[in-house]
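Have a look at the structure below before the remarks.
The values are calculated or read from the model by the stated rules, or taken from the named source; none is laboratory data. These figures come from a predicted structure and were not determined experimentally. Quick reminder, even Gly has a Cβ in these numbers, built from the backbone with ideal geometry, and neighbours come from all protein chains shown.
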Amino acid sequence: MSWLEIISVSILGVLFWQWIVSTRIHEIAVERARRECHRDGVQFLDDTVAIASIRPQRDANGRLVLKRTYTFEYSDTGNNRQPGSIVMLGQKVQGVDISLRIVEAGDGGIH
């Protein structure tokens with residue numbers, strides 16, 4: 001096996017691993033948004049979140065991780081759509097904004 005093949009397979013492996021991690025973080029964001037909507041008595045619409053931004057940032061331990069901001073919609077009356085967002089730093093929830101209130105990371109977050 002040549003060096004080019006080894007490097008190519010390694011890059012594909014890293015990309016695959018990053019995709020798996022990103023999928024897990026997305027699932028955590030969906031579950032947390034669903035839970036916060038349920039807690040506030042509003043309906044979590046479309047049962048999903050969408051990535052709005054992604055950028056590198058240091059966590060509390062000084063490690064470089066990705067900060068992801070997801071957006072979602074909820075309804076407080078059943079016939080409207082309100083915007084919400086959730087911020088993830090690595091695999092930790094940093095905050096949830098459902099416009100009725102803002103939940104900080106220490107409020108029972110998924111870690």
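Numbers at a glance
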read-out	value
Test set (1) exposed (fewer than 11 other Cβ atoms within 10 Å of the Cβ); (2) under 15 Å from Val93 (Cβ atoms) - Cys37 fails condition number	(1)
Flag if Ile51 is surrounded by 16 or more Cβ atoms within 10 Å (Cβ to Cβ), closer than 15 Å to Ser22 by Cα, at pLDDT 95 or above and among the aliphatic types (A, V, I, L, M)	no
Candidate set from the stretch 67-91 (those that are under 10 Å from the mean Cα position of the chain (by Cα) and at pLDDT below 95); member that is surrounded by the fewest Cβ atoms within 10 Å (Cβ to Cβ)	Gln91
